[in-house]
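The values are calculated or read from the model by the stated rules, or taken from the named source; none is laboratory data. Owing to the predicted nature of the structure, the values given are computational and were not obtained by experimental measurement. Glycine gets a Cβ as well: all are built from the backbone with ideal geometry, and neighbour counts include every protein chain shown.
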Amino acid sequence: MLPVGDLWFHSQRRAWMQAANKFGVKTFGYLFTDPGAPPLAPPLLDPQRTMLSVVRILQSYSFKYCESHRVNRPFTVTHTADLIYVYGLNGRFGRPASAIALGTQMIDYWVSFATSLDPNDGRGSARPVWSQYTSSNKTILELTSANMSMIPDDYRAQQIDFINYNAAIFAR
C-alpha cells in the first residue's frame, strides 16, 4: 500500500525542491510537527459545531490506522494544521503560550522570506537559522514548539525516490 502522504505531499515537495535547487533557485523546506497542533485549521465562522465532527472522524481514523499499522502514536499533525500559526490565530483559539510563540516565529520567517527572499534576515523574533536546501545540504526546518531545528530530508527516501523516478506511472 502506498501512503497517501508520500504521493501527495512528500514526493512532490522533494521533487520541486530538488528541481528548483538544480536551477539555482534558493530553496527552503519545512516539516510542521508541533505536538499540540489542532487536527485541522479551525473554520473561522463556526469553529465549535464543525470542528467537533471533524475531530471525531480524525481521532477514529488515527486510532484505526495506528492499530493496523502498529504505530505507537496517532497522527499528531495534519495538513493545514499550521495555518492558525502562520496567520497568528493561536491566541483566538486559546492555544498555549508555546504555540503562540511558535506562530510568531513562523510569521517572522514567512514575512522575512516574502520581503527579502531569505527567512534569515535578522528581523522579527529570535529564531534558529533556516538553512537553504542544497544538493549537498538536504535538510529542512522542523517547526515545533519543543525543539525547532534543521533535520535531514531523508524520510522514506527510497520509497519517495521510486515515486519521483516513476512519476508518469503515478499521473504526476
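Would you tally the residues in the stretch 145-165 being polar (S, T, N, Q) and either in contact (Cβ under 8 Å) with a residue 60 or more places away in the chain or in contact with a Leu (Cβ under 7 Å, 6 or more places away or on another chain) (or both)?
3
Looking at the stretch 115-147, which of the residues that are assigned to a loop (DSSP other than H, G, I, E, B) and among the β-branched types (V, I, T) is farthest from P38 (Cα to Cα)?
Within the stretch 115-147, the match that is farthest from P38 (Cα to Cα) is T134.
Just the residues that are polar (S, T, N, Q) and over 28 Å from P3 (Cβ atoms), please, taken from the stretch 78-130.
Listed by number, the residues that qualify are N90, S98, T104, Q105, S112, T115, S116, N120, S125.
Looking at the structure I just gave you, is K26 surrounded by fewer than 16 Cβ atoms within 10 Å (Cβ to Cβ), modelled with pLDDT of 90 or more, over 17 Å from the mean Cα position of the chain (by Cα) and farther than 19 Å from S145 by Cβ?
Here the answer is yes, as K26 does meet what is asked.
How many residues are of a type in the set (V, I, T), touching a Ser or Thr at 6+ places or on another chain (Cβ under 9 Å) and surrounded by fewer than 17 Cβ atoms within 10 Å (Cβ to Cβ) if we restrict to the stretch 119-172?
Counting residues in the stretch 119-172 that are of a type in the set (V, I, T), touching a Ser or Thr at 6+ places or on another chain (Cβ under 9 Å) and surrounded by fewer than 17 Cβ atoms within 10 Å (Cβ to Cβ) gives 2.
Restricting to the stretch 76-101, name every residue that is charged (D, E, K, R), crowded, with 16+ Cβ neighbours inside 10 Å and farther than 14 Å from F32 by Cα.
R95
Residue by residue through the stretch 148-159, note down the ones that are within 16 Å of M17 (Cα to Cα), at pLDDT 90 or above and not in a loop (DSSP other than H, G, I, E, B).
Of everything in the stretch 148-159, those that are within 16 Å of M17 (Cα to Cα), at pLDDT 90 or above and not in a loop (DSSP other than H, G, I, E, B) turn out to be M150, I151, P152.
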